[in-house]
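Notes for the one structure printed next.
Where a number appears in this text, it was derived from the coordinates with a stated rule and is not lab data. Bear in mind that the values here come from a model prediction, so they are computed numbers and not experimental data. Please note: Cβ atoms are built from the backbone with ideal geometry, for glycine as well, and neighbour counts cover all protein chains shown.
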């Protein structure tokens, strides 16, 4: 359980960093650029700890999937971007994929 809590924090910092990419304006705005770099450093550091308890295939798929969905939603609600129906379906498929990966992990017996 601790691994999944750390994973959620890692995802949160990754999403924050990715969201700052737009505000950094090609790394020409100082503070968004600093927040971006620090957020990514924290995210990857936390991911290192996550991998002590969660397999890489599961941790990375959850990290990438939920990070993508969260970033997509931030694009819509913070930056006013518009998702097409196909884009929305894609985000739903990503969430379903994360769920399937985790259900599959629970059904796998490690010897």
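What order, most packed first, do the peptides 88-100, 4-16 have when packing is the mean number of other Cβ atoms within 10 Å of each residue?
Values: 88-100: 13.5, 4-16: 19.2.
The densest-packed peptide leads the list: 4-16, 88-100.
Sort 80-86, 57-63 by the packing proxy (mean of other Cβ within 10 Å over each peptide's residues), most packed first.
Details: 80-86: 9.0, 57-63: 18.7.
Listed from highest to lowest mean packing, they are 57-63, 80-86.
Sorted from longest to shortest, the spans of the Cα atoms of the chain along the three principal axes equal 51, 35, 17 Å.
With the cut-off at 19 Å, report for region 52-104 the share of all Cα pairs above it, as a whole percent.
Numbers: 450 of 1378 pairs.
Pairs farther apart than 19 Å: 33 percent.
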